[in-house]
Every structure is written in C-alpha cells, then in structure tokens.
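Colleague: Have a look at this one.
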Amino acid sequence: MRAVIQRVSTASVTIGGSVKSSVGPGLMILLGIGREDGAEDIDWLVRKIAAMRIFDDCDGVMNRSVVEAGGEALVVSQFTLMASTKKGNRPSYIGAAGHELAIPLYESFCSALSKVLGREVATGEFGADMKVSLVNDGPVTICIDTKRKE
C-alpha cells in the first residue's frame, strides 16, 4: 500500500460536477493498493498515519497528530500511485490491485481510520472520474509505502 498524505486547510472531491465529500483542517490521503496488500498493511498504515506528528502545537512546532489536532480526513483511492516507471515513459500499473481486492481493502482502510480518528472519514468514489481540490497547509506532503517500512 502506498499513501500520499497532505496536511490540508480544506479538501474536497467533486464527481460529475457535484461535491461528494469535503473536509476542513486535517489530512488528504491518496491511497494506492497493490496486488500483494492485505489487512496487515491496513493496520500498519492506519497506525502510522494517525500517530504522525505533522500538526503544529502551541509553539508552532509540528508535534501533534491528526488525532490530537482533532483533524478530519479525506481518503481517495489512487491506483496510479502503484505505477512502475522502470522501463520507458509509459507507466505500468500491473502492480495495482484489481477491483475485487482493492475495493474491500479501501473500505477496510477507511473504516479502520474512522475508528482511530473517532469520526467518519470523507471518501471519494472508487473508480469514478474525480476532481480533487485541496489547500495544502505548510505545505506538508509525506509519502508512505507499507513495503518500505524504513
């Protein structure tokens, strides 16, 4: 699993001209799911994201987690995060999970993150043509790969 996490002031997903989801201060999470991913990836990634200290404390130091900051989260499935660019100039998505695996894992990730945050996470719509808007706060952008826990 790969995630791009952005600390945001606001973020939203629009589908077919209508806003499906939006959040205030918190996290915008783009989530890529691979063919080899499973429940252990979800558990590790949710714990990592929820505990990551990227929100300012009263001294302006990034020392609080999204949980401590009371932030919201918007999670959007992003199969292109699983792209391989090893050969040529056309990315290969062979490592991305198919719908039959990716949808249940995406839903499980959102559910697990909701439990940790103590509130529902906002979502995109799996497989839809989405327009994502956000105001990156900082900017703060972090990439995490569950297969590279370094």
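Colleague: With respect to residue 67, determine if the residue is more than 13 Å from the chain's Cα centre (by Cα), part of a helix (DSSP H, G or I) and not charged (D, E, K, R). Explain how you work it out, then say what you get.
Modeller: Details: more than 13 Å from the chain's Cα centre (by Cα): yes; part of a helix (DSSP H, G or I): yes; not charged (D, E, K, R): yes.
So residue 67 fits the description; yes.
Colleague: A follow-up question, please. Looking only at segment 91-128, count how many residues are in a helix (DSSP H, G or I), among the aliphatic types (A, V, I, L, M) and under 22 Å from residue 72 (Cα atoms).
Modeller: Start the filter on segment 91-128 by keeping residues that are in a helix (DSSP H, G or I), which leaves 99-117.
If we keep only those that are among the aliphatic types (A, V, I, L, M) as well, we get 101-103, 105, 112-113, 116-117.
Those left that are additionally under 22 Å from residue 72 (Cα atoms): 103, 105, 112-113, 116-117.
Here the count works out to 6.
Colleague: Of all residues in segment 41-62, which are touching a residue at least 40 places away in the same chain (Cβ under 8 Å), surrounded by fewer than 16 Cβ atoms within 10 Å (Cβ to Cβ) and either basic (Lys, Arg) or closer than 14 Å to residue 75 by Cβ (or both)? Quick ask: steps written out before the conclusion?
Modeller: Step one: filter segment 41-62 for residues touching a residue at least 40 places away in the same chain (Cβ under 8 Å), giving 41-50, 52, 54-55, 62.
Going one step further and asking which of them are surrounded by fewer than 16 Cβ atoms within 10 Å (Cβ to Cβ), we end up with 43-44, 47-48, 62.
Hits for segment 41-62 are 47, 48.
Colleague: Still on this structure, I have one more. May I ask you to verify whether residue 131 is surrounded by fewer than 18 Cβ atoms within 10 Å (Cβ to Cβ), basic (Lys, Arg) and assigned to a strand (DSSP E or B)? Spell out how you get there, then give the answer.
Modeller: Values: surrounded by fewer than 18 Cβ atoms within 10 Å (Cβ to Cβ): yes; basic (Lys, Arg): yes; assigned to a strand (DSSP E or B): yes.
Taking the combined requirement at face value, the residue satisfies it.
Colleague: Next question. What are the pairs with Cβ atoms under 7 angstrom where one residue, in segment 71-95, is over 30 Å from residue 50 (Cα atoms) and the other, located anywhere, is polar (S, T, N, Q)? Sequence gap at least six, or different chains.
Modeller: 91/84; 91/85; 92/84
Colleague: Tally the residues that are assigned to a loop (DSSP other than H, G, I, E, B) and surrounded by 13 or more Cβ atoms within 10 Å (Cβ to Cβ), restricting the search to segment 79-90.
Modeller: Initially, segment 79-90 is screened for residues assigned to a loop (DSSP other than H, G, I, E, B), giving 83, 85-90.
With the extra rule that they be surrounded by 13 or more Cβ atoms within 10 Å (Cβ to Cβ), the set shrinks to 83.
Qualifying residue count for the region: 1.
Colleague: If we keep just the residues of segment 92-119 that are touching an Asp or Glu at 6+ places or on another chain (Cβ under 9 Å) and either among the small types (Gly, Ala, Ser) or surrounded by fewer than 19 Cβ atoms within 10 Å (Cβ to Cβ) (or both), which is modelled with the lowest pLDDT? Reasoning before the result, please.
Modeller: Initial filter on segment 92-119 (touching an Asp or Glu at 6+ places or on another chain (Cβ under 9 Å)): 95, 97, 101-102, 105, 109-110, 112, 114, 117, 119.
Now restrict to residues that are either among the small types (Gly, Ala, Ser) or surrounded by fewer than 19 Cβ atoms within 10 Å (Cβ to Cβ) (or both): 95, 97, 101-102, 112, 114, 119.
On the way: 95: 93, 97: 96, 101: 96, 102: 96, 112: 98, 114: 98, 119: 96.
Only one residue fits best here, namely 95.
Colleague: Being of a type in the set (Asp, Glu), within 26 Å of residue 15 (Cβ to Cβ) and modelled with pLDDT under 95: is that true of residue 72 here?
Modeller: Values: of a type in the set (Asp, Glu): yes; within 26 Å of residue 15 (Cβ to Cβ): yes; modelled with pLDDT under 95: no.
For residue 72, the condition - of a type in the set (Asp, Glu), within 26 Å of residue 15 (Cβ to Cβ) and modelled with pLDDT under 95 - is not met.
Colleague: Being over 17 Å from the mean Cα position of the chain (by Cα) and within 16 Å of residue 2 (Cβ to Cβ): is that true of residue 141 here?
Modeller: Working: over 17 Å from the mean Cα position of the chain (by Cα): no; within 16 Å of residue 2 (Cβ to Cβ): yes.
The answer is no for residue 141.
Colleague: Here's something else I'd like to know. Yes or no: segment 51-68 includes at least one residue that is modelled with pLDDT of 95 or more and in contact with a Pro (Cβ under 9 Å, 6 or more places away or on another chain).
Modeller: yes
Colleague: Further question: Cβ contacts < 6 Å: first residue farther than 17 Å from residue 24 by Cα, restricted to segment 130-145; second residue at pLDDT 95 or above and basic (Lys, Arg), any location; separation 6+ or different chain. Result?
Modeller: From residues that are farther than 17 Å from residue 24 by Cα, the pairs are 145/2.
The values are calculated or read from the model by the stated rules, or taken from the named source; none is laboratory data. Nothing here was measured: the structure is a model prediction, and the numbers come from that model. Please note: Cβ atoms are built from the backbone with ideal geometry, for glycine as well, and neighbour counts cover all protein chains shown.
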